[in-house]
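Reading through the structure tokens given below for one structure.
Computed from the coordinates by the stated procedures, all read-outs in this text should not be read as laboratory data. All figures in this text were calculated on a predicted structure; none of them were measured in a lab. All Cβ positions, even for glycine, are placed from backbone atoms using ideal geometry, and neighbour counts span all protein chains on display.
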Protein chains: 2
Amino acid sequence: MTTVPTTRVPQEERTRAMRARLLEATVDCLVERGFTGTSTTLVSERAGVSRGAQLHHFPSKNALVLAAVEHLTVVRGAELAAAAARLPTGATRTRAVLEMLGDHFASPVFFAALELWVAARTDEALLAAVAPLEQRVGREAHRLVVDALGADEAQPGVRELVQATLDLVRGLGLATTITDDAKRRGRILDQWALVLDTHLQGSPS
Amino acid sequence: MTTVPTTRVPQEERTRAMRARLLEATVDCLVERGFTGTSTTLVSERAGVSRGAQLHHFPSKNALVLAAVEHLTVVRGAELAAAAARLPTGATRTRAVLEMLGDHFASPVFFAALELWVAARTDEALLAAVAPLEQRVGREAHRLVVDALGADEAQPGVRELVQATLDLVRGLGLATTITDDAKRRGRILDQWALVLDTHLQGSPS
């Protein structure tokens, strides 16, 4: 006589999967419909999760959107770190770093975050929650770029050039929402790579 | 016997003033409450204009918001040109140009435009109207910066550095909506000025 193995998924695992579905549905809604067009009803339908279960985990739209953007940031941060590990060494490295950043800031993660930022500008409670998340994300991105470029922040001006690089790709990402001009972006990043190679003293790893 | 001069304001003038009040009230609403929080009812109350008159001039919220951002862009474009005319000459000029741009992109005109851009991202009809306005504004800003910096666009890479400068200040403006860190912005612009002075071949006028 054979025993059928228990295939019941543990409660903890099911909860985790449900949360992930809710967060991914929220991101999809933000990207497609914006902050205003995102409702908890729409998200629960999309995720196939009951309203009760959703409210248990995320009691408000703001809580849901914040958790979704944080989740996405973690996922994409890991993707970015993986992409950074595959970067070429040598003369083409700086340009490849910029390509990676440019792609990141023209992707759904940026659009979802943008919706959150702009909503937070006129919503005090949301801003109080977004600001620390944004600062943490900013520090992590800065660290990643310093490492990827092999930049020596002890040199004067290097820290500011790394920050400027992140502000530049953020600005390019914002322009993308209106006119996605990849050629223009490419030419700007070509030129910026030349500038960085001239001014950064570090040797790319 | 003295004749009292006719003080009646001509109809055309009254219409012009009413339109201006509506557009300014719309900008104020956008900055304070965002695109979502802006309604035609709120704007007409704020401007002290009847709903009928408002609808006569601007038949929809989108029409009103677009006209408001265009109006603001013209007004602020003129202010920017006037500021450019007062810029110092000599060694401090580049940094002064960047200060002027940084202020512009951290001001209500940018926040109002940002609300419009982000709303347009998920609203096809609005995007169709915003995109040409944005392209025109972009060209004018580019022209202004080229002139202010005395940049020679015939030199390779110069055009791209001017574009990068505008994308940078746009990115800095977006960061301002979450944390207004003027010191950080100042240090980045200091460094950017050094980069521009090294790479732009033109002689500032």
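Which loop-located trypsin sites (Lys or Arg not before Pro) does segment A:1-97 contain, where loop means any DSSP state but H, G, I, E or B and the Cβ has at most 10 other Cβ atoms within 10 Å? Write down the numbers at each step before the final one.
Details: sites: A:Arg8, A:Arg14, A:Arg16, A:Arg19, A:Arg21, A:Arg33, A:Arg46, A:Arg51, A:Lys61, A:Arg76, A:Arg86, A:Arg93, A:Arg95; in loops: A:Arg8, A:Arg86.
Hits after loop and neighbour filter: A:Arg8, A:Arg86.
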Practice problem: Taking the Cα centre of segment B:11-199 as origin, sum charge times position over the Cβ atoms of Lys and Arg (+1) and Asp and Glu (-1), and report the length of that vector in debye to the nearest 20. | Solution: 280
Exercise. Could you bin all the Cα-Cα distances of chain B into 10 Å bins starting at 0 and give me the percent of pairs in each, rounded to whole numbers?
Key: 8, 29, 29, 19, 10, 3, 1, 0
Quiz prompt | Label geometry 7 Å along the beta-carbon vector: A:Asp180 inter-copy distances in nm | solution = 3.4
Quiz prompt | Euclidean distance between Cα centres, segment A:145-205 to segment B:63-138, Å | solution = 23
Self-check item: Other copies of B:Gly150: label-to-label distances in nm, shortest first, labels 7 Å along the beta-carbon direction
Solution: 3.8
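Would you please name the GluC sites (Glu not before Pro) within segment B:78-153 that are DSSP coil residues with at most 16 other C-beta atoms within 10 Å of their C-beta?
Details: sites: B:Glu79, B:Glu99, B:Glu115, B:Glu124, B:Glu134, B:Glu140, B:Glu153; in loops: B:Glu153.
Taking segment B:78-153 and a limit of 16 other Cβ atoms within 10 Å, the loop GluC sites (Glu not before Pro) found are B:Glu153.
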Quiz item: Once the Cα atoms of segment A:76-132 are picked out, what are the Rg and Dmax in Å?
Solution: 15.2, 47
Practice problem: Look at the axis of the rotation that sends chain B onto chain A, then give the chain B residue with the nearest Cβ and the distance in whole Å. | Solution: B:Gly171, 2
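Before anything else, pin down the relative contact order of segment B:11-199: Cα pairs under 8 Å, at least 6 apart, normalised by residue count, whole percent. Let's see the in-between values first.
On the way: 136 pairs, mean separation 42.6, N = 189.
Reported relative contact order: 23 percent.
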Practice problem: Do me a favour and compute the ellipsoid semi-axes for the protein assembly as shown from its Cα gyration tensor, root of five times each eigenvalue, largest one first, whole Å. | Solution: 40, 35, 16
Quiz prompt | Gain on full stretching of the segment that runs from A:Ala82 to A:Arg143 - 0.36 nm per residue minus C-alpha separation | solution = 20.5 nm
